[in-house]
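Rule-based calculations on the coordinates, nothing more; no lab input. Given the structure is predicted, the values throughout are model-derived calculations rather than measurements. Glycine also receives a Cβ, built like all others from the backbone with ideal geometry; neighbour counts cover every protein chain displayed.
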Amino acid sequence: MGDFLTSADIEAAASAIKQKTSLKPRIGMILGSGLGSLAESIENPEYVPYGDIPGWPISGVKGHAGRLVFGTLEGQQVVVMQGRTHYYEGYDMPRLGLPVRAMQALGIEMIVITNAAGAVNPDFDPGDLMLITDHLNFIGMAGQNPLRGPNLEELGPRFPDMSQVYDRQLLALTREVAAAESVTLREGVYCCLAGPSFETPADLRFLRAVGVDAVGMSTVPEATIARHSGTRVLGISGISNKANLDGNTETTHEEVLEAGKVLAPKLTQVVRGVLRKL
Ligand code: HPA
């Protein structure tokens, strides 16, 4: 695989997947750190390990299972990424885009992207779900955009619009579901940083000042690729920790995974509700 994704790279990944399953899901999902258990509720699952897909970026991060799960959830055919790979693991941004590109090649029209995030908004608590209404593409502004390189015209325009990354109808639907199920749903702006180090208190005060509500190390590149090709996006953060704006508390990956145990059932409940209404 070269510096940038080609149609042949995407085709090779998609055809390797098609050899393992004949299911044709309309909906893709990406499950973030500690949130992989949503995939356990999929009916008649068929698994494709990431290692069986040529070019697929492999994650070694704890809390990420590393496989695609195909099957049915609330009557909808889905393909779920149980675990994702992050920029900080060392892959180039274009290669990190392969999973979303492959799911698009399989025919998904919509994607649910989830992550674990630190709360920059002081009103948010660990265990809260946050609907992503917009994002700050900090990593992209700094030059790491997955669409960098020759544009694949058949997939989308050179300069894709990002005025409404998170689908308004899906936002409205998710609010309705959360209210009906009595799940507290926060809303806000998610910011993607490169990681892997967590933020300093000065980083966090900066992010707060520019209007960030939650911070993490994923989602934005995937959402950008999705929108490039017109795939509808629903983004949900699971707040795993309060960001440490005052420098008095430490942030650890263990607390992120621990919070996932509280978050995963709520996330499952909300996502199931949304799928039911589609
Ligand atoms: N910062 C960045 N990424 C994260 C955090 C955080 O506090 N929590 C979970 N992912």
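Put a plus charge on the Cβ of each Lys and Arg, a minus charge on the Cβ of each Asp and Glu, and nothing anywhere else: the dipole of the chain about its Cα centre is then about 560 debye.
Taking packing as the residue-averaged number of other Cβ atoms within 10 angstrom, the listed peptides 218-228, 149-159, 199-209, 268-278 run from highest to lowest as 218-228, 268-278, 199-209, 149-159. Using the Stokes-Einstein relation with a Kirkwood hydrodynamic radius computed over Cα pairs, the translational diffusion coefficient of the range 111-269 at 10 °C and a viscosity of 1.306 mPa s comes to 98 µm²/s. Taking other C-beta atoms within 10 Å as the exposure proxy, Val120, Val48 rank Val48, Val120 from fewest upward. Values of log10 I(q)/I(0) for the chain across q = 0.12, 0.14, 0.15, 0.17 Å⁻¹ run -0.68, -0.95, -1.11, -1.46, by the Debye formula with one identical scatterer at each alpha carbon and no solvent.
What's the magnitude of the charge dipole for the range 123-273 around its Cα centre, counting Lys and Arg as +1 and Asp and Glu as -1 at the beta-carbon? Answer in Debye, nearest 20. Don't jump to the answer; show the numbers that get you there.
Values: 13 positive and 20 negative charges, 73 e Å.
Charge dipole, the range 123-273, about its Cα centre: 340 debye, nearest 20.
Measuring between their Cα centroids, the range 73-133 and the range 139-217 lie 10 Å from each other. Judged by the gyration tensor of its Cα atoms, with axes a ≥ b ≥ c, the range 6-61 is oblate; a/c meets the 1.5 cut and b/c is at least as large as a/b. For the chain, DSSP calls about 35 percent of its internal beta bridges antiparallel. Projecting label points 7 angstrom from Cα along Cα→Cβ for Glu46 and Met1 puts them 2.3 nm apart. Can you give me the relative contact order of the range 129-263 as a percent, contacts being Cα pairs under 8 Å and 6 or more apart? Relative contact order comes out at 36 percent. When the Cα positions of Val271, Ile236, Gly60 are compared along the charge dipole of the chain, Val271 comes out farthest toward the positive end, with charges on each C-beta of Lys, Arg, Asp and Glu. Computed over the chain, relative contact order equals 26 percent, with contacts defined as Cα pairs under 8 Å that lie 6+ residues apart.
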